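What follows is a single structure, written as structure tokens, with notes after it.
The values are calculated or read from the model by the stated rules, or taken from the named source; none is laboratory data. Keep in mind it's a predicted model, so treat the numbers as computed, not measured. Here the Cβ is made from the backbone with ideal geometry for all residues, glycine too, and neighbour counts use every protein chain on show. Heads up: the accessible areas ignore ligands, DNA and RNA and are worked out on the full protein's heavy atoms, side chains in. Shrake-Rupley method; radii C 1.70, N 1.55, O 1.52, S 1.80 Å.
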Amino acid sequence: MNRMIDLTSSVVASTLRSWRGSMSSKASTLLKQPIQLFDQEGHPQCRLVREAITELNLDTMIYPCPEGGTRHTERLKELAGHQIIPFLYDPNTGYKATGVNAIVSYLFDHYSKRKAPSFLLESPITVASSKLASLARFQAGTKARASKTPNQSLTLYSFEASPFSRLVREKLSELELPYLLVNLGKQQRADIGPAVMRLTLKPYRPLPGTKRDEFFKKYGDVQVPFLIDPNNDTEMFESADIVRYLEDKYAQ
Ligand SMILES: N[C@@H](CCC(=O)N[C@@H](CS)C(=O)NCC(=O)O)C(=O)O
């Protein structure tokens, strides 16, 4: 797809969901092990779960289950006893849940002091707007394509509403590549906007002690998407380069 169409339609998709999944809580719960989500980019219900995960600032191991894909179905069947997504497994507590409302309510109850907000729960309005968002992106990420299995999982720094990161997540989903999703949602005014055009005149500094701050100290700025592929000793910024890289290395 043409890059301009990709970016515009990705902005439209985020707008249709009112940019839910842009903001992250200031505190991030340090999980002993990341929660695990069997997910599909472009799946309306899965999007609602990922929005909640950004809001709660939880690192999540994503097992993409696009239509026609088989790479993670055995493990899903073993854990869940079915093949319905979204499915969550929390290895820290042993909790398993299927479907938006069970997953999102559990995550808010367990990892925040708030009740799950209605805009992140399944309702005719949230599902309809999420379906429209998927349509705006021409259902990208929903269909499996032949790919090589990586030895080790990849890591993607992202946040749900990021139009640039969505393009990368779609590719990871189509290629069924498992990845650790590290959410770097916005936590203050200065985080808003692209890295090259922030809503602040002062030199950019993330909130101290946050994952963003850790990232800033390591890489000198905060920009997503950022991909780490330990299989090829690769770390990279720039969505177009990452999408091309994934296609070159893993598509068959
Ligand atoms: N040219 C970059 C642009 C990436 C970009 O601007 N990403 C935004 C999020 S959509 C960002 O990192 N903003 C700064 C921030 O979140 O701190 C790409 O294609 O990856």
Give the residues of the stretch 58-78 that are open to solvent by 10 Å² or more (accessible area, probe 1.4 Å), free of Cβ contacts under 8 Å to residues at least 40 places away in the same chain and touching a strand residue (DSSP E or B) at 6+ places or on another chain (Cβ under 8 Å), sorted by residue number.
ARG75
Output for the stretch 56-105, where each listed residue is at positive phi and under 15 Å from the mean Cα position of the chain (by Cα)
ASN57
If you take just the strands (runs of 3 or more DSSP E) that sit entirely in the stretch 117-229, which of them hold at least 1 residues that are open to solvent by 40 Å² or more (accessible area, probe 1.4 Å)?
154-158, 179-183
Search result, residues across the stretch 237-252 that are under 30 Å from LEU199 (Cα atoms) and surrounded by 14 or more Cβ atoms within 10 Å (Cβ to Cβ)
PHE237, GLU238, SER239, ILE242, VAL243
How about the stretch 87-144: which of its residues are charged (D, E, K, R) and in contact (Cβ under 8 Å) with a residue 12 or more places away in the chain?
ASP90, LYS96, GLU122, LYS131, ARG137, LYS143
Considering the stretch 25-42 alone, what residues qualify as being closer than 27 Å to LEU76 by Cβ and either open to solvent by 40 Å² or more (accessible area, probe 1.4 Å) or at pLDDT below 95 (or both)?
SER28, THR29, LEU30, LEU31, LYS32, GLN33, PRO34
Can you find a residue that is acidic (Asp, Glu), modelled with pLDDT of 95 or more, farther than 21 Å from LEU177 by Cβ and surrounded by 24 or more Cβ atoms within 10 Å (Cβ to Cβ) anywhere in the stretch 46-54?
yes
If SER14 satisfies every condition in (1) surrounded by fewer than 24 Cβ atoms within 10 Å (Cβ to Cβ); (2) under 30 Å from SER147 (Cα atoms); (3) touching a strand residue (DSSP E or B) at 6+ places or on another chain (Cβ under 9 Å) but one, which is the exception?
(3)
Suppose we filter the stretch 225-248 for residues that are touching a residue at least 24 places away in the same chain (Cβ under 8 Å) and either within 21 Å of GLN152 (Cβ to Cβ) or more than 8 Å from the ligand (Cβ to nearest atom) (or both); how many remain?
11
In the stretch 186-207, which residues are within 8 Å of the ligand (Cβ to nearest atom) and touching a strand residue (DSSP E or B) at 6+ places or on another chain (Cβ under 8 Å)?
LYS186, ILE192
